[in-house]
Amino acid sequence: MTFSDLGLSPKVLSAVADAGYTTPTPIQAGAIPHALAGKDVLGIAQTGTGKTASFVLPMLTRLERGRARARMPRTLILEPTRELAAQVEENFARYGKNHRLNIALLIGGVSFEDQERKLERGADVLIATPGRLLDHFERGKLLLTGVEILVIDEADRMLDMGFIPDIERICKLIPFTRQTLFFSATMPPEITKLTEQFLQAPVRVEVARPATTAANIEQFLVKSGSKPWAKRARLRELIRAEGEGLSNAIIFCNRKTEVSTLFRSLVRHEFDAGALHGDMDQRARMTMLENFRRGKLKLLVASDVAARGLDIPDVSHVFNFDVPTHSEDYVHRIGRTGRAGRSGKAFTLVTHADRKYVEGIEKLIGQKIPWLDGDLSTLGEEDEEREKPRRGRERGRKPEGRKRREEGRAEEVPAPAKAQEGRKESRRPGKEAGAHKKPDRKPERHLEPESETVIGFGDAIPDFMKVPGKA
Ligand code: AMP
């Protein structure tokens with residue numbers, strides 16, 4: 001198939017030929033004919049697949065008819081970041097070189113006045129980040145009732161950044177008769193809901209995600225007891241065993257609550273760790289990443305959602321604290337190491353309950369992943385019991401309430417460490433988040449029983465309970 005089979009205009013075809021492209025990529029071949037026919041498109045593709053041209057080229061063709069009116073853009077492209085918005089503008093400049101179109105970029109960090117002037121002239125294409133677009137709208141400088149084509153790009157990243165309420169608001173300001181082209185690398189439930197709400201009978205075009213793992217990554221499965229504390233103890237052993245060979249690592253968890261718990265536990269055990277999860281705002285995430293990138297932080301505990309779409313630097317090790325339930329996530333996670341021909345190591349903790357997910361991963365990558373020191377059949381009782389928190393293991397079952405309190409205490413964090421975990425402060429990026437700071441005092445490894453009030457005994461604590469806790 002060639003570009004001329006897709007129905008693009010001669011002006012666009014000529015610019016594509018000048019760019020040196022001869023064959024459309026799968027997302028282009030799948031999306032362009034439908035976009036040209038005026039249909040809504042749901043494109044599931046990530047950056048690097050040629051997805052930008054898959055909406056820019058048909059938009060250029062369709063914009064050849066008609067002209068823009070002051071303050072009423074004809075098309076709107078929403079991007080999560082300034083950098084992506086600027087990239088899309090470059091694409092319009094390259095492929096639209098035979099067109100005379102007014103393109104306006106509404107992004108933060110640029111003066112409102114310059115942007116207003118462009119809007120006033122009438123924009124054929126408006127490329128914006130959601131927050132800045134709404135700021136202009138609220139200042140009364142923009143009418144969205146003339147928008148014929150709406151593009152929502154990198155929707156899952158918008159979700160990560162807390163932009164979904166803004167997107168919903170913007171969608172409601174644009175006429176129902178518009179065409180919507182919607183792109184996302186993944187389809188978490190929130191995104192599916194959004195597409196159901198705002199797309200009309202969309203044509204779904206899905207591009208396969210990379211299913212191969214690099215040959216220079218050493219991969220291992222590591223048997224583990226199923227209890228959270230057993231997994232955490234196993235992880236610590238693995239990290240320590242790697243010694244100097246581990247320069248930095250990302251530790252992936254399936255849930256953000258697990259990210260928090262594990263991060264706090266690692267800090268408590270005096271590891272140099274930070275956390276990255278979906279509840280942190282963009283600023284806090286960027287600060288955390290910057291610290292990691294600069295080597296100020298050795299271990300980064302992260303969820304898939306938090307890590308997705310972010311430019312995370314090359315790392316020497318990846319640990320999967322949880323086996324990913326979606327096999328593709330495994331490929332993406334371990335792809336964070338072994339870049340540019342360097343070697344990397346990826347360890348995955350596996351419990352009995354994870355077996356079917358491991359099978360799915362091995363099927364996807366077409367290879368068996370070796371076990372580090374024996375498979376699950378060699379899992380002993382000590383693996384399950386490993387570092388069970390608190391004392392009194394031998395004394396039989398404890399009442400539930402007390403057990404819960406003790407587990408909670410085992411994960412208590414010293415105050416400075418808490419500052420490393422950014423708090424969500426705003427649904428829009430831009431607000432200050434707690435800066436990353438290394439704890440300046442050593443975390444307390446043993447909690448003094450005397451300092452705790454034991455519920456149910458009032459202030460009188462029996463001597464048998466004053467046994468120092470085990471770390
Ligand atoms: P994107 O996924 O839009 O970020 O594009 C990734 C890269 O692929 C960009 O550098 C594009 O210039 C390039 N590209 C887009 N379409 C094609 C094509 N049909 N053939 C070769 N490269 C392309």
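The values are calculated or read from the model by the stated rules, or taken from the named source; none is laboratory data. From a predicted model like this one, the values you see are computed outputs, not experimental measurements. Using ideal geometry, Cβ is built from the backbone for each residue, glycine included, and neighbour counts are taken over all protein chains shown. These accessible areas exclude ligands, DNA and RNA; they are computed on the full protein's heavy atoms, side chains included. Shrake-Rupley method; radii C 1.70, N 1.55, O 1.52, S 1.80 Å.
Of the peptides 10-17, 39-46, 222-229, the ranking by mean beta-carbon count within 10 Å, highest at the top, reads 39-46, 222-229, 10-17.
Split the accessible area of the stretch 217-385 by element, probe 1.4 Å, and carbon with sulfur accounts for 47%.
Listed peptides 166-178, 18-30, 140-152 appear in the order 140-152, 18-30, 166-178 once ranked by packing, highest mean of other Cβ atoms within 10 Å at the front. What the stretch 217-385 shows is 39 Å² of accessible area per residue, with the surface traced by a 1.4 Å probe over protein heavy atoms.
Dipole orientation for the stretch 217-385: of the candidates THR261, GLY295, ILE217, GLY295 has the Cα lying most toward the positive pole (charges on Cβ; Lys, Arg +1; Asp, Glu -1).
Averaging the sequence gap over all C-alpha pairs within less than 8 Å and six or more residues apart, then dividing by the number of residues, gives the stretch 3-206 a relative contact order of 29 percent.
Remark: the stretch 217-385 carries a charge dipole of roughly 560 debye about the Cα centre, counting +1 on each Lys and Arg Cβ and -1 on each Asp and Glu Cβ. For the cross-link pairs LYS193/LYS231; LYS172/LYS256; LYS231/LYS356; LYS141/LYS172; LYS11/LYS193, the ones whose C-alpha atoms lie over 27 Å apart are LYS193/LYS231; LYS172/LYS256; LYS11/LYS193. From most to least packed by mean Cβ count within 10 Å, the peptides 54-66, 240-252 give 54-66, 240-252.
Taking all protein chains as present, what is the carbon and sulfur share of the accessible area of the stretch 85-199, in % to the nearest whole number, probe 1.4 Å? After summing per-atom areas, the C and S share lands at 51 percent.
Taken about its Cα centre, the stretch 67-211 carries a charge dipole of roughly 640 debye when the Cβ of each Lys and Arg holds +1 and the Cβ of each Asp and Glu holds -1. Counting only protein heavy atoms and a 1.4 Å probe, the stretch 3-206 has 42 square angstrom of accessible area per residue.
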